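The values are calculated or read from the model by the stated rules, or taken from the named source; none is laboratory data. For clarity, every value in this text was computed on a predicted model and none was experimentally measured. All Cβ positions, glycine included, derive from the backbone under ideal geometry; neighbour counts span all protein chains shown.
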Amino acid sequence: MSQDIMLIIFVALVSFVYGMLLGKHRIMAVLINIYTSLALVTVVPETFIADYNTKLIVFFVLVIGLTVLSKRFFDLSLSGSGSWFMFRVFSMSFLQIVLLLSIAFSITPKKIALGYISPNAFDYLTTGYGPLIWMALPLVFMFFIYKQINK
């Protein structure tokens with residue numbers, strides 16, 4: 001139980017810093033880059049990416065590389081200010097961090113992943129409907145945010 005609570009606190013703190021570093025102008029572009037990187041890593045032949053370490057490195061390099069390059073391609077950002085705006089940035093960054101953890105622990109072998117997180121957290125992030133939920137929640141939240149902005 002304490003491992004799960006520490007994981008939630010850690011994710012919340014990292015999400016806050018992540019949201020503040022990215023800000024409203026980059027957070028949506030990074031979300032698209034996460035999905036694109038996952039799609040690319042998933043279709044790369046097994047002979048090119050032999051082990052999970054390489055797959056994780058390629059995934060994160062793609063996310064970072066696409067984020068740096070996407071400044072030219074995407075013009076998505078959150079608009080607004082105030083506490084509601086900060087809540088939206090923090091919520092989106094929280095969902096992105098959990099999505100990244102879900103992807104990373106899905107790639108990592110279970111035995112190694114359990115050295116970092118509890119079995120309960122591993123199950124929530126990587127088994128059953130967990131990955132689908134963590135993949136869908138940021139998109140649902142993004143659509144909800146833009147729907148509220150356009151009203």
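Side notes on the structure shown:
- For beta carbons closer than 7 Å, sequence separation of 6+ or different chains, a first residue in the stretch 1-18 that is at negative phi and a second that is part of a helix (DSSP H, G or I) and hydroxyl-bearing (Ser, Thr, Tyr), the qualifying pairs are 15/93; 18/93.
- Residue check, residue 97 within 20 Å of residue 23 (Cβ to Cβ) and of a type outside the set (Gly, Ala, Ser): yes
- Within the stretch 47-60, tally of residues that are farther than 17 Å from residue 106 by Cα and in a helix (DSSP H, G or I): 0
- Residue count for the stretch 108-134, restricted to those that are closer than 22 Å to residue 18 by Cα, touching a residue at least 60 places away in the same chain (Cβ under 8 Å) and not small (Gly, Ala, Ser): 1
- Wholly within the stretch 95-150, helices (runs of 4 or more DSSP H) carrying at least 2 residues that are buried (at least 20 other Cβ atoms within 10 Å of the Cβ): 119-126, 130-149
- Cβ-Cβ under 7 Å pairs, at least 6 apart or on other chains, the stretch 19-30 side over 16 Å from residue 141 (Cα atoms) and in a helix (DSSP H, G or I), far side modelled with pLDDT under 85 and not basic (Lys, Arg): 25/77
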